[in-house]
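Before any comments, here is the structure.
The values are calculated or read from the model by the stated rules, or taken from the named source; none is laboratory data. Everything numeric here is computed off the predicted structure, so don't read it as measured data. All Cβ positions, glycine included, derive from the backbone under ideal geometry; neighbour counts span all protein chains shown.
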Amino acid sequence: MTLPLSGPMSASMINVELGRAGTAPFDINGTPERTLAGVPSGTIKFSDFYGKSASSVNLLLHMDALVLTNQVQDYSTYAGNLTLGPQVGVVISTSTFKFGPGSLFGPGGNLANTDMGSVSAGISPFPRFDMTVQTWTWEFWFNESDATSLRSLICQRNNFTVGWVITTEGIRAQINGAWTENALTWGRPSFGAWHYIAVQREGATLTAYIDGNRVATRSDISSFTAASGVPVFLGTAFNSGTENAFKGFIDEVRFTKNKTVYPGSPATITPPSAPFPNS
């Protein structure tokens, strides 16, 4: 969303653009407000917010090749690369991918240190992956090779009750002040094929899509607790943990903050037909 170029401008409109509830506390001299307005110091006016947008792509991984021996380049506004491992056997596959020339492959197996890779979440107040804001969207493609049980795709979790996990069958998260194993659930997609998944929050509504179809939604979200200062991990449900390690391929990962890619959570969407554009 982008604020209007002219006309009325209010604290409520600016709050919503910043990913807050419209009625949340507002300080025109606050750091987020000044950053959005582009006025780091001095006099600031409501007209300074005309045409401004707070949404940003904070993670964008094409998984096409390695840089610096063990990293995958991040093409987002943060440009903080994905560091592979520490699991042995995590590689960039050039034989299986959604959009070439590569994808991230993890061998699975509940062994110690099963992380396929991690990306820094930044320091407090963890602005990069701050999912306590009212609007955000995670998107990626995956191709699963292990048909045994539920597997974890991506997480930001520092213990068993703080943070969140997106799995092959749903979302586990601390929502509305309490941890739930079934924040959203859906049927497990077929094995050996590429699937597009999108999970987004739009105010009180949390929605998930698989291959263009809305598979789960709820509209009672008052809070979504992220794990402050904890990296985002791929292929596991816990930092350097052993739970539900993913075996298969992950490609085209994107996290957009302060924006729902599919406003209004329609019943069907059109999955991307090409790699995500670079930020």
### Query
Quick check: anything in region 208-221 crowded, with 21+ Cβ neighbours inside 10 Å and modelled with pLDDT of 95 or more?
yes
### Task
Go through region 141-191 residue by residue and tally those that are among the polar types (S, T, N, Q) and within 13 Å of ALA245 (Cβ to Cβ).
6
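Rundown of residues vs (1) of a type in the set (Gly, Ala, Ser); (2) surrounded by 14 or more Cβ atoms within 10 Å (Cβ to Cβ); (3) in a loop (DSSP other than H, G, I, E, B), yes/no style:
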| site | (1), (2), (3) |
| --- | --- |
| THR2 | no, no, yes |
| ILE14 | no, yes, no |
| ARG20 | no, yes, yes |
| ILE28 | no, yes, yes |
| LYS52 | no, yes, yes |
| ALA65 | yes, no, no |
| THR69 | no, no, yes |
#### Entry: Pairs, first without any contact (Cβ under 8 Å) to a residue 40 or more places away in the chain in region 1-21, second surrounded by fewer than 18 Cβ atoms within 10 Å (Cβ to Cβ) and of a type in the set (A, V, I, L, M), C-beta under 6 Å, six or more apart
ASN15/ALA24
### Query
Out of ALA198, ALA173, which single residue is over 17 Å from SER223 (Cβ atoms) and in a strand (DSSP E or B)?
ALA198
## Note on the structure
GLU33: passes all of (1) acidic (Asp, Glu); (2) modelled with pLDDT of 90 or more; (3) over 21 Å from ALA274 (Cα atoms) but (2)
### Task
Select from region 57-97 the residues that are touching a Phe, Trp or Tyr at 6+ places or on another chain (Cβ under 9 Å), among the β-branched types (Val, Ile, Thr) and over 26 Å from ASP130 (Cα atoms) and list them in ascending order.
VAL90, VAL91, ILE92, THR96
### Message
One residue is enough: does region 238-257 have a residue meeting the conditions more than 17 Å from THR135 (Cα to Cα), touching a strand residue (DSSP E or B) at 6+ places or on another chain (Cβ under 6 Å), assigned by TED's automatic domain parsing to the domain that holds PHE129 and surrounded by fewer than 17 Cβ atoms within 10 Å (Cβ to Cβ)?
### Response
no
### Query
Before we move on, is ALA193 in contact with a Leu (Cβ under 7 Å, 6 or more places away or on another chain) and more than 24 Å from THR2 (Cα to Cα)?
no
### Message
If I filter region 219-234 for residues that are in contact (Cβ under 8 Å) with a residue 24 or more places away in the chain and farther than 25 Å from LEU18 by Cα, do I get at least one hit?
### Response
yes
### Query
Given the residues ALA11, ALA54, which is the only one that is over 16 Å from GLU252 (Cα atoms) and touching a Phe, Trp or Tyr at 6+ places or on another chain (Cβ under 8 Å)?
ALA11
### Message
Scan region 127-136 and tell me whether some residue there is more than 25 Å from GLY22 (Cα to Cα), outside any loop (DSSP other than H, G, I, E, B) and within 14 Å of the chain's Cα centre (by Cα).
### Response
no
